[in-house]
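Read through the structure below, which is laid out as structure tokens, and then see the notes.
The values are calculated or read from the model by the stated rules, or taken from the named source; none is laboratory data. Because the structure is a prediction, the values reported are computed rather than measured. No Cβ is skipped: glycine too gets one built from the backbone with ideal geometry, and neighbour counts run over all protein chains shown.
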Amino acid sequence: MTLGDAVGLSDSQERRITRGLQLVLGGVVLAGLVTTQVGMAVTGSLTLGVTLFPALLRREYGYSMDPGLVLWITIAMILHTIGSLGVYEQYQWYDEVTHTASATIIAGVGYASFRALERHSDAIDVPSEFRAVFIVVFVLATGVFWEVIEYVLGGYVTVYGIDDIVTDFVFNAVGAVIVAVWGTGYVRNLTGFFYDRLR
């Protein structure tokens, strides 16, 4: 089952929604440039770049990612972009939503990479119940790395304190658990793509 099947959208509908959201991100970049708000332009550019990464994989490697996954990545990126425009400061719950959404993306990529490596190497054989543990640990480790980057870039990135960091980790874990329990089947094709690259 694809992500599109789960939400009841056709591939063409998912692609249209994705393109529309990418246009919104392009508008954020343009608005940032026109108003000389460098932070807005940089955030919009980075998030737009992430949403275009599946198209790069298709062009360079002939791999077509499920349109539902591309839409999910795009939704996570646009949620972050909207948050960086001031919504994070107004609504604490919004930060929690974006961390959960972003964590599902990281968990999916981490799981697909791990499964590809496991399939590629005879030396790695992990029982299925420990794969879920791997997903959670991988997401939390990525969260630590991200928090270190935010601390290092303290002058450029707003850091809200220890309470915010702890809350971020809780919702990173929520996103990881969502993928561990329900989402591994949705990245099966991505696992195959990574496995083919390793071969």
- prompt: Within the set of pairs 6+ apart or on separate chains, which have a first residue in region 54-78 that is assigned by TED's automatic domain parsing to the domain that holds residue 8 and within 18 Å of residue 185 (Cβ to Cβ), a second that is at pLDDT below 95 and of a type in the set (S, T, N, Q), and C-beta atoms under 7 Å apart?
  reply: 66/2; 66/189; 68/2
query: Right, residue 84: of a type in the set (Ser, Thr, Tyr) and out of contact with any helix residue (DSSP H, G or I) (no Cβ under 9 Å at 6 or more places or on another chain) or not?
result: no
query: Out of (1) under 24 Å from residue 73 (Cβ atoms); (2) free of Cβ contacts under 8 Å to residues at least 12 places away in the same chain; (3) not aromatic (Phe, Trp, Tyr), what's the single condition that is false for residue 123?
result: (1)
query: Given the residues 65, 77, which is the only one that is modelled with pLDDT of 90 or more and assigned to a loop (DSSP other than H, G, I, E, B)?
result: 65
Region 31-51 residues that are touching a residue at least 24 places away in the same chain (Cβ under 8 Å), paired with ones that are not in a helix (DSSP H, G or I) (beta carbon under 9 Å, 6 or more apart): 39/156
message: Restricting to region 96-118, name every residue that is surrounded by fewer than 20 Cβ atoms within 10 Å (Cβ to Cβ) and either within 23 Å of residue 161 (Cα to Cα) or in contact with a Leu (Cβ under 8 Å, 6 or more places away or on another chain) (or both).
response: 96, 97, 109, 117
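Filter region 147-180 for residues that are within 23 Å of residue 116 (Cβ to Cβ) and at pLDDT below 90 and give the result. Spell out how you get there, then give the answer.
Step one: list which residues in region 147-180 are within 23 Å of residue 116 (Cβ to Cβ), which gives 172, 175-180.
Selection gives nothing.
Which residue out of 113, 12 is under 20 Å from the mean Cα position of the chain (by Cα), closer than 30 Å to residue 195 by Cα and either of a type in the set (Gly, Ala, Ser) or part of a helix (DSSP H, G or I) (or both)?
On the way: 12 fails: under 20 Å from the mean Cα position of the chain (by Cα).
Matching residue, one of 113, 12: 113.
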- prompt: Can you tell which of 36, 47 is crowded, with 18+ Cβ neighbours inside 10 Å and either outside the structural domain of residue 191 (by TED's automatic domain parsing) or of a type in the set (Val, Ile, Thr) (or both)?
  reply: 47
task: For residue 77, state whether it is surrounded by 22 or more Cβ atoms within 10 Å (Cβ to Cβ) and among the aliphatic types (A, V, I, L, M).
output: yes
